[in-house]
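Let me begin by presenting the structure, written as structure tokens, before commenting on it.
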Amino acid sequence: MTILALFNRYKDRWWALPLLLPIFLLPVFSLASTYTELNGGMVVLYYMPLSFCLALMLFYGLMAVPGIVVALFLRYYFSVTLYETIAVNVHFLVPLVLSWGGYRVFAPRRNMVAYGDVHLMGQRIFWQVICPATLFLFLFQCAVYVGIYESRHSLTGFSPASIRMLISYQGLLVSGLTGVPISYLAIRLIRNPFYIRGLVSQIRAQIDKKATLLEFAIWIAVLGCLLGLLLVPFSENSSIFSTNYTLLLVMPVMLWGAMRYGYKLMSLIWTPVLIVIIHYFYRYIPFIQNYDIQLAITSSSYVVFSFVVIYLAMLATRQRVINARARRLAFLDPVVNIPNLRALARSLAKTPWSTLCMMRIPELELLGRNYGVLLRIQYKQRLAEWVNGWLQPNENVYHLSGYDLAIRLNTESHEARIMALHEHIKRFRFFWDGMPLQPQVGFSYCSVRAPVNHLYLVLGELSVIADHSLATSQPENLQQRGAMSLQRGLKDKVQMMNRMQHALEQNAFILMAQRVQGVRGDNYHEVLLRMPDENGEMILPDCFLPVAQEFGLSSRIDLWVLENTLQFLASHHRQLPGQRFAINLTPSTVCRVQFPLEVSRLLKIYGIEAWQLVFEVTESSCFGNTDLAAQVIRQLQQMGCRIAIDDFGTGYASYARLKSVDADILKIDGSFIRNIVDNSLDHQIVASICHLARMKKMLVVAEYVESEEIRETVMALGIDYLQGYLIGEPEPLALLSETKAL
């Protein structure tokens with residue numbers, strides 16, 4: 001076994017470092033102590049042995065006691081009596097054990113944390129500064145009073161209220177405030193010399209990123225000049241800068257360093273500077289009248305300056321850590337713990353050319369709905385870890401909303417790497433409660449150049465191409481899929497969305513009405529929606545309603561149509577008594593639980609009866625989300641409104657499903673009516689629909705009645721209502737009040 005291995009194995013035994021360190025280091029640290037004579041007696045300006053022994057206790061606990069006893073015995077036995085040497089040991093051990101024990105009790109879990117933690121500063125100031133200094137000085141006074149310390153005759157008459165007591169107490173406080181951390185650091189370096197690397201990295205991490213080497217050199221030069229002025233021997237020709245006035249100038253210089261360079265570096269600089277300043281105090285405090293008062297004030301300055309410098313350095317370091325953490329979290333998704341879109345934008349900006357990729361996993365939506373959002377989170381985390389293990393050091397995976405992830409790759413040989421990455425992703429396996437899940441991953445990519453000013457638009461295009469990748473099961477290149485056409489299509493959708501937003505805000509939509517003729521004379525009108533463009537031309541619903549559905553505006557548009565229709569009925573109830581209107585509802589509106597409440601509220605506001613409204617819903621609305629749609633439809637029927645199934649025969653078109661639908665009216669799609677005269681198959685389909693509707697006690701509407709032959713044919717089949725250009729073309733809703741009500 002090597003010497004280093006033996007050292008690491010036995011270094012913390014009581015007979016190893018805890019025993020040897022006090023013997024060899026106590027005489028060295030004692031050299032930093034400073035005493036002076038005042039009013040015929042000795043006072044302490046800085047006392048290092050107590051701080052060093054307390055640091056040993058913090059490291060080794062009671063195992064340090066034998067080493068401290070031996071070190072004190074060797075230091076005092078040859079200069080004083082054995083009785084006095086034993087008293088010195090007791091005098092040291094009582095404050096050390098009580099202070100160490102109290103600190104361990106009130107800071108049990110964090111007592112070994114390195115110095116610089118603001119949260120522990122209160123406990124450390126009390127148990128490592130105030131408590132040992134107070135107990136040490138109190139026991140010393142008691143020992144001198146009873147005559148135990150025969151060698152300390154110069155301290156006889158040391159009154160507790162005297163200036164000498166105050167100066168000595170302040171000397172013990174400042175030595176505990178600065179001596180304990182520097183002793184702790186020295187012991188730690190001896191115990192583990194490799195800690196020097198960690199210390200250097202901590203110092204570099206705590207320095208303000210904006211601080212330059214030139215600034216540090218200037219700061220050191222200013223501090224050196226002030227120390228030079230302060231330590232110049234005082235004479236009759238000395239200026240004010242050779243007095244303790246210069247000590248006041250050191251304070252702002254040290255405060256600047258504390259704010260800029262952090263606690264670790266400032267503690268290493270301030271403690272030696274303070275020891276030198278205290279050791280040569282006589283060079284800037286001349287022996288003149290009121291010398292004792294000046295010495296007391298200067299001694300208090302040592303304590304105050306040390307506390308302010310250390311505390312401000314801690315606060316500045318902690319604030320930089322908090323700011324750095326906040327900046328780091330700003331580029332990290334807090335839920336998935338993956339770099340977010342802001343981090344992606346920053347990474348793209350730092351690299352001239354990049355390959356931007358997107359992974360789309362749409363099945364995560366269904367899996368998350370069934371197994372919870374935690375599955376989506378863990379799947380993204382595991383997939384990101386899987387991909388990051390394959391990427392180069394400066395490449396990364398980024399979190400996008402929904403079920404998408406983005407990847408930034410370097411452009412070198414990206415085509416071959418993308419194919420290899422896609423194969424790597426295919427080998428990914430995810431297990432949820434022991435069940436293997438392997439949803440399909442769509443993969444798209446493109447090359448981008450910094451700065452990427454339209455990142456959101458590029459990601460939208462990649463999202464569309466990723467859907468193509470799901471169909472082809474291979475990576476798809478955006479540049480090869482017609483980026484211009486995709487961009488143009490997305491731009492048109494955004495323009496259409498903005499136009500609809502403006503139409504909703506400005507009431508720019510136009511309501512049309514088309515007559516629906518009842519064979520028994522009970523007519524009503526279907527409300528149709530139009531939107532004018534910038535040239536005044538009418539845009540049909542087939543052009544803008546799909547975009548409204550995609551951007552979540554369809555429900556707002558439906559409510560606008562409903563409210564304006566009811567407002568028209570309320571304004572023209574005398575001209576159009578008993579008028580009924582049919583209003584089309586989109587699937588998203590039919591599946592809204594609040595919709596019946598909104599209808600009821602609007603009926604009360606405008607004083608309209610519920611039987612005057614017919615709501616037309618498509619097959620997809622009825623069958624897509626059966627339970628929720630059936631609940632909404634049932635509530636509307638209970639209010640008195642009628643429900644019509646629009647465009648029956650398309651979409652799901654299932655007779656079996658129609659059995660579960662409880663509607664009042666069935667509108668046969670015009671594709672069957674248009675050719676009913678010439679196509680026997682269409683004739684049979686319409687006939688069967690009419691037969692089934694009569695069994696369900698539902699009224700039937702025939703759309704696209706555009707000729708007399710069609711009208712006669714459908715009437716022969718027992719159709720209840722007719723609609724089409726033969727019956728009446730769509731006209732503005734406002735014109736109904738000007739014509740004779742039908």
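The values are calculated or read from the model by the stated rules, or taken from the named source; none is laboratory data. Since we're looking at a predicted model, the values are computed, not measured. As a convention, Cβ positions derive from the backbone with ideal geometry for all residues, glycine included, and neighbour counts pool all protein chains shown. Side chains are part of the model used for accessible areas, which takes the heavy atoms of the whole protein and leaves out ligands, DNA and RNA. Shrake-Rupley method; radii C 1.70, N 1.55, O 1.52, S 1.80 Å.
Note on the chain: with neighbouring protein chains present and a 1.4 Å probe, carbon and sulfur make up 59 percent of its accessible heavy-atom surface.
Working out 0.36 nm times the residue gap between L437 and L332, then minus their Cα-Cα distance, what length gain in nm do you get to one decimal?
Values: separation 105, 0.36 × 105 = 37.80 nm, distance 2.64 nm.
So the chain would gain 35.2 nm between L437 and L332.
What shape does region 230-307 take by its C-alpha gyration tensor, where a ≥ b ≥ c are the square roots of the eigenvalues and a/c under 1.5 counts as rounded, a/b above b/c as prolate, and the rest as oblate? In terms of gyration-tensor shape, prolate. Remark: relative contact order (the chain) = 7 percent; criterion is Cα-Cα distance under 8 angstrom and separation of 6 or more residues. Applying both filters, DSSP loop and at most 10 other Cβ atoms within 10 Å, to the GluC sites (Glu not before Pro) of region 526-628 gives E534, E537. How fast does the chain diffuse by Stokes-Einstein, in µm²/s, taking the Kirkwood radius from C-alpha pairs at 37 °C and 0.692 mPa s? The Stokes-Einstein estimate is 94 µm²/s.
Extending 7 Å from the Cα toward the beta-carbon at both N290 and S688 defines two label points whose distance is 11.6 nm. The candidates I3, I633, I207, arranged from most to least accessible area with a 1.4 Å probe in the full protein assembly, appear as I3, I207, I633. Note on the chain: dipole from Cβ charges, positive end direction compared against L265, A471, F544; the farthest Cα belongs to L265. As a length-normalised measure over Cα pairs under 8 Å and 6 or more apart, the relative contact order of region 284-431 settles at 23 percent. For the pair I322 and Q123, a Förster radius of 22 Å applied to the C-beta separation gives a FRET efficiency near 0.55, rounded to the nearest 0.05.
Each of F194 and A734 was given a label point 7 Å from its Cα along the Cα-to-Cβ line. The distance between the two points is 8.6 nm.
Placing W256, W100, W219, W390 in order of accessible area, with the largest value first and a 1.4 Å probe, yields W256, W390, W100, W219. I need the shape label for region 1-157. Rule: rounded when a/c is under 1.5, else prolate if a/b > b/c, else oblate, with a, b, c from the alpha carbon gyration tensor. Taking the square roots of the gyration eigenvalues as a ≥ b ≥ c, region 1-157 is oblate. Cross-link partners for K209 among the lysines, with Cα-Cα distance under 17 Å and sequence neighbours closer than 8 places in the same chain left out: K264. Specify whether the C-alpha gyration tensor of region 193-234 places it in the rounded, prolate or oblate class, a ≥ b ≥ c being the square roots of the eigenvalues: rounded for a/c under 1.5, otherwise prolate if a/b is larger than b/c and oblate if not. It comes out oblate by the Cα gyration axes. Extension gain, V373 to R427: 0.36 nm times the residue separation minus the Cα-Cα distance gives 17.1 nm.
Residue ranking by accessible heavy-atom surface, 1.4 Å probe, largest first, among K210, K264 comes out as K210, K264. Remark: relative contact order (region 526-610) = 32 percent; criterion is Cα-Cα distance under 8 angstrom and separation of 6 or more residues.
Starting from the Cα-Cα distance between Q638 and E365, subtract it from 0.36 nm times their residue separation and give me the gain in nm to one decimal.
Full-extension gain reported as 94.8 nm.
Using just its DSSP H runs of length 4 or more, each adding -39500 (n - 2.57), the chain gives a mean residue ellipticity at 222 nm of -18000 deg cm²/dmol after division by all residues. Probing with 1.4 Å while keeping every protein chain in the model, the per residue accessible area of the chain equals 50 Å². For I23 and S401, what does the FRET efficiency come to when R0 = 51 Å and r is the distance between their Cβ atoms, rounded to the nearest 0.05? With a Förster radius of 51 Å, E is 0.20. Within a straight-line Cα-Cα reach of under 12 Å, K604 can be paired with the following aspartates and glutamates, leaving aside sequence neighbours fewer than 8 residues apart in one chain: E563. Computed from label points 7 Å out along Cα-Cβ, the spacing between A221 and D627 is 7.9 nm.
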